[in-house]
Amino acid sequence: MGQTLAEKILAEHAAVSQVEPGELIEATVDVAMSHEMLGTRVIPHVEAAGIERLWDPNRVVVLLDHWTPAPTVEAATVHQQVRRFVKRFGVKHFYEVGTGICHQILADYGHLRPGELLVGTDSHTTTGGAFGLFATGIGATDMAVVLATGRLWFRVPESIRIILSGKLPNQVMGKDVILHILGELGADGASYKVLEFQGDGVERLSLDSRMTITNMGVEADAKAAIMHVDQKAEAYIRARTRIPFNIVKPDPDASYVQTLRYDISKLVPQVATPSLPTQVVPVSEVEGTPIDQAFLGSCTNGRLEDIRMAAKIIEGKQVAKYVRFLVIPASRIIYQEALREGLLSTLLTAGAVIGSPTCGPCFGGHCGLLADGEVCISTSNRNFLGRMGSSGSEIYLASPTTVAASAITGKITDPRKGV
Amino acid sequence: MPRREKRRQKTSSDLPQVPPIEGRAWRFGDNISTDDIISAAHLTSLNLDEIAPYAFETIRPDFAKGVQPNDFVVGGHAFGIGSSRESAPGVLRALGVGAVLAASFARIFFRNAFNLGFPAIEVPALASDPSIIQEGDTLTLKLEQGLLLNHRTQHTFQTTKIPSILLDYLRVGGAIPLLRQKLGKD
């Protein structure tokens, strides 16, 4: 019987010819990524297990992104623990404060390679699937097991096939595609399953938009979200790594538990309403809702396309009175490119606040929290109660164009209407 | 590595069984997120016991103070959605919670719980009728047998079968003791 993309990758990593959904396998990991969670929760497990060396320090990527630069002594201590670990165990790939958000760093520095199996101590590790690999989030104990052995058990997931067709209308972005899909799947619609994206609609999407889509697959509880690799994706990867890789394609007779088809050329801007990323409505249903903060950034939408689209909308205009518009590029490379293109200058002139790369506000860590009763429209990925600060605040999730348009008017605004 | 090969790998039947757990139910709804369980504001702490008093601080501020050893956290669909933070099951375990019962679990929370030797048990009957367990009900979970008794109603419910590898984690207190054994540390 034919195999899906996920099944092929897992079978290869379990050194068997075929795997079936529901089967438990032990697979060899290609890349293991960790951030501050290494310092807080993985190191105690490493010590408890008596791990003296890593299975392969060349395959380990460690970085700091959540509390950067450290806003408290406690966070600085966590960073210190991480650096000590990296030196002690000879971790080859370490990225300091300011390099970027983990999922963007993996892309920027060539750690995302088709056909590979990548694990990270961050639920949004699914992002990497935009480049045709099986990338999934794990917890601290699983990371300790991987660091020691390079292997981890997996339940082979069923796959849901999502076929995208058409070309996105103006001002509608990858974020709208995934929000719309999440609204249909629900918070556990892809639980223990993989989302496999195919179709001409995927090929027409920018790589930035593709990463936004795979990033948020986890909001339907997907274990991984994988896209077919086209020439555009392949060229991007080859420019960043010399490590050889194999582009894996699913068999034509592969079996999927569900097939969903979307003509994205008819899509309108989408908004996730408080307090679930899967509680999604067309922007028209929440238009006019007053906001206190607009945030553009995070591993979901802090990429160059996002900043470009926002800058284009806000050029020559001003952020609304009593509203703050935070813009945080997802990595130093993106920051520099946005600087070179003059985008940051456009945003600053309009009254935006530019931050250095960090996850900060998205998870309520630091750099732009919300007070009781405040409302934020955000390009990030989660709007759970109290996620960005006070439990009395509310978060709406939307695309960079919707967020930029809303920053100008001070209320939720359809970016397709000139502001 | 002759020394390690000689070591006899323990099999499931050698391991001590998990005894029945009896406690009261704390009732929660659907889509409880890891942010609800423990906010990111506390995640730079290196000590789980220190942050455990903040469990459910937003949605159930009386929980951490009132919970007794072996009490159950009972959720609905998609319990534990969101982040990969192992601190979410970690703080519940630190407070002495006996198990989390739910209609369904988010994938990473489920794995993290078992990795810590903390049971996250699916009760399919909760999916069709959330009222089978109410706030304050006394429950007995026999997880080796896959049975849950509600003392108030005297109904017994089946729980979803736990894969044997995960049952072993519960028997020995998590994945780390087994890793130690694998690395030849014990």
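What the table shows:
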read-out: Meets criteria (in contact (Cβ under 8 Å) with a residue 60 or more places away in the chain, in the same structural domain as A:K232 (by TED's automatic domain parsing) and surrounded by fewer than 20 Cβ atoms within 10 Å (Cβ to Cβ)) for A:G110; value: yes
read-out: Enumerated strands (runs of 3 or more DSSP E) restricted to region B:16-122, each holding at least 1 residues that are not hydrophobic (A, V, I, L, M, F, W, C); value: B:21-27, B:120-122
read-out: Boolean, B:A127 is surrounded by 14 or more Cβ atoms within 10 Å (Cβ to Cβ) and at pLDDT 95 or above; value: no
read-out: Flag for A:I307 being under 24 Å from the mean Cα position of the chain (by Cα) and either buried (at least 24 other Cβ atoms within 10 Å of the Cβ) or within 14 Å of chain B (Cβ to nearest Cβ) (or both); value: yes
read-out: Qualifying residue in region B:100-107 (condition: closer than 20 Å to B:S39 by Cα, of a type in the set (A, V, I, L, M, F, W, C), within 12 Å of chain A (Cβ to nearest Cβ) and touching a residue at least 12 places away in the same chain (Cβ under 8 Å)); value: yes
read-out: Filtered residues of region A:117-141 (kept if more than 16 Å from the chain's Cα centre (by Cα) and buried (at least 24 other Cβ atoms within 10 Å of the Cβ)); value: A:G139, A:A140, A:T141
read-out: Some residue of region B:171-180 being away from chain A (no Cβ under 12 Å) and either acidic (D, E) or on the phi < 0 side of the Ramachandran plot (or both); value: yes
read-out: Which numbered condition A:K266 misses (of (1) touching a strand residue (DSSP E or B) at 6+ places or on another chain (Cβ under 9 Å); (2) over 13 Å from A:K175 (Cα atoms)); value: (1)
read-out: Options A:A190, A:A224; residue that is surrounded by 24 or more Cβ atoms within 10 Å (Cβ to Cβ), small (G, A, S) and closer than 21 Å to A:N301 by Cα; value: A:A224
read-out: Single residue of B:S128, B:S164 found to be more than 12 Å from chain A (Cβ to nearest Cβ) and farther than 24 Å from B:I37 by Cβ; value: B:S128
read-out: Breaking point among (1) in contact with a helix residue (DSSP H, G or I) (Cβ under 8 Å, 6 or more places away or on another chain); (2) within 26 Å of A:P274 (Cβ to Cβ), for A:L205; value: (2)
read-out: Residue in region B:46-93 that is nearest to the other protein chains (Cβ to nearest Cβ), counting only those that are within 20 Å of A:D142 (Cα to Cα) and surrounded by fewer than 19 Cβ atoms within 10 Å (Cβ to Cβ); value: B:L46
read-out: Selection from region A:288-304 of residues that are in a strand (DSSP E or B) and over 21 Å from the mean Cα position of the chain (by Cα); value: A:P290, A:Q293
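The values are calculated or read from the model by the stated rules, or taken from the named source; none is laboratory data. Everything quoted here is computed from the prediction, not taken from an experiment. Quick reminder, even Gly has a Cβ in these numbers, built from the backbone with ideal geometry, and neighbours come from all protein chains shown.
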